[in-house]
Amino acid sequence: MASIQRNIVGKIFQPGETTVEQSNKGRMVKIAAIALAGLLLLWLIWPFNSVPTGFRGVVTQFGAIKGVENEGLVILPPWRKLAIFSIRAEAASIEDADGSTSDTQPVKVSMTVRYSIQTDKVAEVYEKYTHDGDLSSYVQTATQEIFKAVTARYSATDLISKRAQVSADINQELRVKLAQYGAQVINIDMRNFSFSQSYMSAINDKVTQEQLRLAAENKLRTVEAEQKQKVAIAEAEASARKAAADGEAYANLKIAQAQAEALKIQNQALAQNRDVLELRRIEVEKIKAEKWDGALPTQVLSSITPFMQFTPPPPREREQRK
């Protein structure tokens with residue numbers, strides 16, 4: 001150390017310099033040393049700090065947490081330190097989380113869980129789990145545990161058909177679990193479930209059989225619908241023919257009833273007016289008798305009395321007779 005000082009002094013104070021010059025250079029060195037020490041001291045006791053957006057500042061004093069600062073300017077005394085703590089959304093990837101269904105079928109799934117630290121739990125999380133807000137290892141462990149617990153409640157077929165419900169169950173239970181670590185779940189992206197190759201083959205065969213069954217049922221329903229349509233058409237035609245026949249029979253019945261009623265009325269009229277008709281007949285016979293000139297029809301006379309000759313009276317005698 002002494003040799004270094006001598007080298008520095010030797011470089012500053014060159015041989016041949018006067019005492020005044022050496023004194024001036026000595027004062028300049030002292031001033032520079034004092035300025036450097038002042039800057040170093042200012043850097044050590046600088047009170048101004050800043051917390052970026054999306055973070056919190058954890059204030060510690062000799063290792064003990066003294067408070068949590070929000071985003072912005074923070075002024076601290078030199079004996080306190082500021083640690084930047086993230087409360088932004090973080091992602092934890094879980095690859096091939098394994099579980100077992102209620103019917104003992106092994107299943108795997110890959111998920112991505114997005115989470116963030118609760119702002120009122122920053123000091124607790126900083127003290128117990130992490131100094132920067134990264135809880136990915138805790139989230140991965142908790143997610144695998146929850147996945148095993150949830151899949152054990154579903155059969156393999158329900159796990160596929162009720163995927164939305166399974167995802168909701170995992171989300172709900174993971175929220176409760178991560179709340180113990182001071183974190184909150186933002187969302188879960190769950191990819192397809194994967195089963196063993198033999199089980200997937202069995203599922204494919206079952207799906208194929210189900211599709212064939214549905215196709216056969218659809219064809220049967222089509223045939224039944226066509227048959228029902230034909231029956232309906234035949235019934236409609238038969239109903240139409242019956243209605244036409246009933247209408248015609250009804251019309252004929254009405255006509256017959258009308259004719260019978262007319263005959264009845266005529267008979268009643270004839271029975272009631274028999275005397276009138278007889279009087280009319282007598283009147284007609286009288287008119288005929290009055291108009292008869294005493295001559296018989298020639299053909300009738302010739303056919304009845306071929307050997308009789310009848311001479312009609314003269315016109316005057318006929319008039320007198322009248």
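Separation of region 43-105 and region 173-241, taken as the distance between their Cα centroids, equals 49 angstrom. Charge dipole of region 185-257 (Cα centre as origin; +1 on each Lys and Arg Cβ, -1 on each Asp and Glu Cβ, all else neutral): 40 debye, rounded to the nearest 20.
Could you work out the local net charge near Val74, counting Lys and Arg as +1, Asp and Glu as -1, over the other residues with Cβ closer than 13 Å to its Cβ? The partial results should precede the final answer.
Values: positive: Arg56, Lys66, Arg80, Lys81; negative: Glu69, Glu71.
Summing Lys/Arg as +1 and Asp/Glu as -1 gives +2.
Working ranking of peptides 145-151, 170-176, 218-224 by packing, defined as the average number of other Cβ atoms within 10 Å per residue, highest first, is 145-151, 170-176, 218-224. How high is the relative contact order of region 57-142, in percent, with contacts defined as C-alpha pairs under 8 Å that are six or more residues apart? Relative contact order here is 29 percent.
Toward the positive end of the charge dipole of region 152-258, with +1 on the Cβ of Lys and Arg and -1 on the Cβ of Asp and Glu, the farthest Cα among Asn187, Ala249, Ile160 is that of Asn187. Other residues within the sphere of radius under 11 Å centred on the Cβ of Ser155, judged by their own Cβ, net out at 0 (K and R +1, D and E -1).
Rule-based calculations on the coordinates, nothing more; no lab input. What you see is a predicted model; the values in this text were computed from it and never measured. Cβ atoms come from the backbone with ideal geometry, glycine included; neighbour counts cover every protein chain shown.
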